[in-house]
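Student: Here it is, the structure, as structure tokens.
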Amino acid sequence: MEVRLERLSKHFGSVVAVDDLTLHIKSGEFVALLGPSGCGKTTTLLMLAGIYRPTGGEIWFGDRLVNDVLPKDRNIGMVFQSYALYPHMTVFENITFPLKLKKVPKEVMREKAQRVADMMQIGHLMDRRPAQLSGGQQQRVALARALVKEPDILLFDEPLSNLDAKLRLTMRGEIKRLQHDLDITSIYVTHDQVEAMTMADRIAVLRDGRLQAFATPDELYNRPRNLFVAGFIGSPPMNFLNARLTAQNGQAIVEGNGFRITLPEDLGRKALSQAQREEVIYGIRPEHIRLDPDGEVEAEIYVIEPLGREDLLDCRLPDGTLLGVLVPSGHGVKIGEKVRLKFQLDHSQLFDPHTEQSLLWN
Amino acid sequence: MAEHAGSRIGQIILGIIVLLLSMPLLVMYIWLVESAFSQITYGIIPQGFTLSNWRFLWEGFTNMPSIWRITWNTLVFAVVVATIEVFIASLTGYALSRMKFPGRRMFLSLTLVLHAFPAVTLLIAIFYVLLVLGLYDTLVGVIMVKAALELPLGVWIMKGFFDNISWDMEMSALIDGCSRLRTWWEILLPNIRPGIAALSIFAFLSGWSEFLLPYIYTSSFENFTLSVLLRRLVGDFRFVDYGLLTATGLYYMMPVLLFFIFTQEYLLNIYAGGTKGTTV
């Protein structure tokens, strides 16, 4: 089912939780709402669920305006971070609860419950109570309960946050596969960008109740439209350097404290045509910097953080700015050593320090 | 080793102190039981075992309804008060815990004030109300008054229990297809069963031991409760038969005692965990 949010807003007293949010979600699409805590993503989800009534704007499920439709009449399935299972019911009763309310005949109910439970690999746990299950199993029951009524839309509220790291990885894959197979429009709230990047078809990045970007993971990563998105997406985060952008001999030169680079031609042209002032913020991701004796930037190794396959080097520029650099381990450098860094210039990002908008991708 | 011995001596001393402190209470109860089964007592020394103090069970009292009728009244009083209180408090507690409505804070504060309000000061006003409603000297009237006076505490306790249930579970039920009322009934109530049990017991015990209200708002024999009966036995113009009085007292106490033994675990909920996390 196609879902459209049109200029949606939600106020709690004087607090604006969601502000003028417009999102068009295609049928069968997996969309992640991503943002730091308090950005309004859960509020948005609860408006979709019908728990909160929007202060303004419209929510459309297909061609049905659902602003005033009760949660029970929206045919949605929802999975909560806390699982929200009913502790006084068995797994079977939990899963069949939505069907019981729909007055589905007993045999049909049993059959459907068994099918969805088998799909979630909890078919053998039907007689247990939630308290007797592990966190992962509880989350599977919660998923089964959301799926059993064959919802038009699936809502997820940070469903994996309470699981341990390994289980989280497994479930991440399973939910993605499940969503792909069942082709149910899904909206997934998370503050974990890795989760959003790996699972979603498109990601809506929210900050302070406002939409920052709504794009594919690839676009968010490679062509961030503003400073917030650039800094929020990617781990370790993108490096930002204050710099000046000037045109010299038809080339775009970015110059900062202790470094001077020439932008590739196409990027340079775009930047120069967009820039309204000389000051810019230059952004480059840690994975796009190399150690190279011919590098254009001189720095000193400040801290080395081994991550296993790679090491994250915190390099200090002459003016004291720290620059994260991700290099394969086995580089041999030590703390305090002077190194030269080479930027992969075609991955450069440029932002206007005042509007915080990208000079390359708008 | 020495330390161990020291702590044991300390414990013994502590035990003695506790025993001494509770002595007055113990002596009273010992006397109550003794006296109920003896012809006469000198201090706490009983003399002559007898069951004749218990003859009211089969012979009844002079000029009063049978003990069974009175017991029935007391039971009805306590059970109905408890039922009304639990029913209203669990609905009100839910509303106060879960819904936003104008005057909610005010309502909560007022409830607390009402709870702190000495009921005695209301006696005359309530008397008039009952009189006007035609409920004076009826059990129904007294039950309503008692339930009303107990409700503030009950509402607060139930609100506390509801506060402890996660919103997620309730939202989940709404999304699964429940109405709010059904969520309350099928999802929330089963999960605050300990709270309901505790409040029921609490309300029942309070109803069972209530004296003032039935004493003041009923006058006919057929509306007597056990506490009023006890009061009658030490009436102003009678020779007090202590044997009979203590036997009746023991009879009055027995169900509560048994009840308490079996339910104290639930009762502790109210004091220990029940109102934890309560917020206005």
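The values are calculated or read from the model by the stated rules, or taken from the named source; none is laboratory data. Since the structure is predicted, the reported quantities are computational estimates derived from the model, not experimental observations. Quick reminder, even Gly has a Cβ in these numbers, built from the backbone with ideal geometry, and neighbours come from all protein chains shown. Just so you know, the surface numbers come from the protein's heavy atoms only, side chains and all, with ligands and any DNA or RNA stripped out. Shrake-Rupley method; radii C 1.70, N 1.55, O 1.52, S 1.80 Å.
Student: Report yes if B:Pro65 is in contact with a helix residue (DSSP H, G or I) (Cβ under 8 Å, 6 or more places away or on another chain), without any contact (Cβ under 8 Å) to a residue 40 or more places away in the chain and surrounded by 16 or more Cβ atoms within 10 Å (Cβ to Cβ), otherwise no.
Tutor: Answer is no for this residue.
Student: Within segment A:142-175, can you find the residues that are in a strand (DSSP E or B) and within 12 Å of chain B (Cβ to nearest Cβ)? Spell out how you get there, then give the answer.
Tutor: We begin by selecting, within segment A:142-175, every residue in a strand (DSSP E or B); these are A:153-157.
Selection gives A:Ile153, A:Leu154, A:Leu155, A:Asp157.
Student: Take the residues in segment A:92-126 that are at pLDDT 90 or above and of a type in the set (S, T, N, Q); name whichever of them is most open to solvent (accessible area, probe 1.4 Å).
Tutor: A:Gln114
Student: Open to solvent by 10 Å² or more (accessible area, probe 1.4 Å) and aliphatic (A, V, I, L, M): does that describe B:Val81?
Tutor: When the stated conditions are applied, B:Val81 does not pass them.
Student: Quick check on segment B:205-216. Is at least one of its residues touching a residue at least 60 places away in the same chain (Cβ under 8 Å) and within 14 Å of chain A (Cβ to nearest Cβ)?
Tutor: Scanning segment B:205-216, I find no residue that is touching a residue at least 60 places away in the same chain (Cβ under 8 Å) and within 14 Å of chain A (Cβ to nearest Cβ), so the answer is no.
Student: Also: Which members of segment B:154-166 meet the condition of being touching a residue at least 12 places away in the same chain (Cβ under 8 Å) and either surrounded by fewer than 20 Cβ atoms within 10 Å (Cβ to Cβ) or at the interface with chain A (Cβ under 8 Å from one of its Cβ atoms) (or both)?
Tutor: Scanning segment B:154-166 gives B:Asp163, B:Asn164, B:Ile165.
Student: Which one is surrounded by the fewest Cβ atoms within 10 Å (Cβ to Cβ) among residues in segment A:71-91 that are outside any loop (DSSP other than H, G, I, E, B) and within 13 Å of chain B (Cβ to nearest Cβ)?
Tutor: Only one residue tops the list, namely A:Asp73.
Student: On to the next question. Which condition does B:Ile124 not pass, out of (1) in a helix (DSSP H, G or I); (2) within 23 Å of B:Ala82 (Cβ to Cβ); (3) open to solvent by 20 Å² or more (accessible area, probe 1.4 Å), if it passes all the others?
Tutor: B:Ile124 satisfies every listed condition except (2).
Student: Please go through segment A:9-52 and give me each residue that is crowded, with 19+ Cβ neighbours inside 10 Å, within 23 Å of A:Glu174 (Cβ to Cβ) and more than 14 Å from chain B (Cβ to nearest Cβ), ordered by number.
Tutor: A:Ile25, A:Phe30, A:Val31, A:Ala32, A:Leu33, A:Leu34, A:Lys41
Student: Among the residues of segment A:264-295, write down those that are in a loop (DSSP other than H, G, I, E, B), open to solvent by 10 Å² or more (accessible area, probe 1.4 Å) and in contact with a helix residue (DSSP H, G or I) (Cβ under 9 Å, 6 or more places away or on another chain).
Tutor: Scanning segment A:264-295 gives a single hit, A:Pro264.
Student: Separate question: So, in segment B:192-211, how many residues would count as being surrounded by 15 or more Cβ atoms within 10 Å (Cβ to Cβ) and more than 15 Å from B:Tyr266 (Cβ to Cβ)?
Tutor: Step one: filter segment B:192-211 for residues surrounded by 15 or more Cβ atoms within 10 Å (Cβ to Cβ), giving B:192, B:194-210.
Of the ones still in play, those that are also more than 15 Å from B:Tyr266 (Cβ to Cβ) are B:207-210.
Within segment B:192-211, residues that are surrounded by 15 or more Cβ atoms within 10 Å (Cβ to Cβ) and more than 15 Å from B:Tyr266 (Cβ to Cβ) number 4.
Student: Looking only at segment A:224-252, which residues are open to solvent by 50 Å² or more (accessible area, probe 1.4 Å), part of a loop (DSSP other than H, G, I, E, B) and either modelled with pLDDT under 90 or farther than 25 Å from A:Arg172 by Cα (or both)?
Tutor: The answer is A:Arg225, A:Ser235, A:Asn249, A:Gly250.
Student: What tally of residues in segment A:144-162 results from selecting those that are open to solvent by 10 Å² or more (accessible area, probe 1.4 Å) and either out of contact with any strand residue (DSSP E or B) (no Cβ under 7 Å at 6 or more places or on another chain) or over 30 Å from A:Arg64 (Cβ atoms) (or both)?
Tutor: Looking only at that region, the number is 3.
Student: Return the residue satisfying two criteria in turn: it lies in segment A:188-201 and is outside any helix (DSSP H, G or I) and open to solvent by 50 Å² or more (accessible area, probe 1.4 Å), and of such residues it is farthest from A:Leu5 (Cα to Cα).
Tutor: Across segment A:188-201, the extreme among qualifying residues is A:His191.
Student: Pairs under 6 Å by beta carbon, first residue under 13 Å from B:Val145 (Cα atoms) in segment B:113-135, partner part of a loop (DSSP other than H, G, I, E, B), six or more apart or different chains?
Tutor: Hits for this filter: B:Leu130/B:Tyr136.
Student: Somewhere in segment B:69-78, is a residue in contact with a helix residue (DSSP H, G or I) (Cβ under 9 Å, 6 or more places away or on another chain), crowded, with 17+ Cβ neighbours inside 10 Å, at pLDDT below 85 and in a helix (DSSP H, G or I)?
Tutor: no
Student: For segment B:167-191, how many residues are assigned to a helix (DSSP H, G or I), open to solvent by 10 Å² or more (accessible area, probe 1.4 Å) and within 7 Å of chain A (Cβ to nearest Cβ)?
Tutor: At the first step, the residues of segment B:167-191 found to be assigned to a helix (DSSP H, G or I) are B:167-176, B:180-191.
Next, from what is left, pick out any that are open to solvent by 10 Å² or more (accessible area, probe 1.4 Å): B:167-169, B:171, B:174, B:176, B:180-182, B:184-186, B:189-191.
With the extra rule that they be within 7 Å of chain A (Cβ to nearest Cβ), the set shrinks to B:168-169, B:171, B:174, B:176, B:190-191.
Counting residues in segment B:167-191 that are assigned to a helix (DSSP H, G or I), open to solvent by 10 Å² or more (accessible area, probe 1.4 Å) and within 7 Å of chain A (Cβ to nearest Cβ) gives 7.
Student: Here is a follow-up. Determine, yes or no, whether A:Arg260 is surrounded by fewer than 17 Cβ atoms within 10 Å (Cβ to Cβ), under 20 Å from A:Lys342 (Cβ atoms) and not acidic (Asp, Glu).
Tutor: Here the answer is yes, as A:Arg260 does meet what is asked.
Student: Those residues that are of a type in the set (A, V, I, L, M, F, W, C), farther than 21 Å from B:Asp168 by Cα and in contact (Cβ under 8 Å) with a residue 40 or more places away in the chain, I need them from segment A:49-73; list them, please. Give the derivation first.
Tutor: Taking segment A:49-73 as the starting set, the residues that turn out to be of a type in the set (A, V, I, L, M, F, W, C) are A:49, A:51, A:59-61, A:65-66, A:69-70.
Keeping just the survivors that are farther than 21 Å from B:Asp168 by Cα gives A:59-61, A:65-66.
Correct list: A:Ile59, A:Trp60, A:Phe61.
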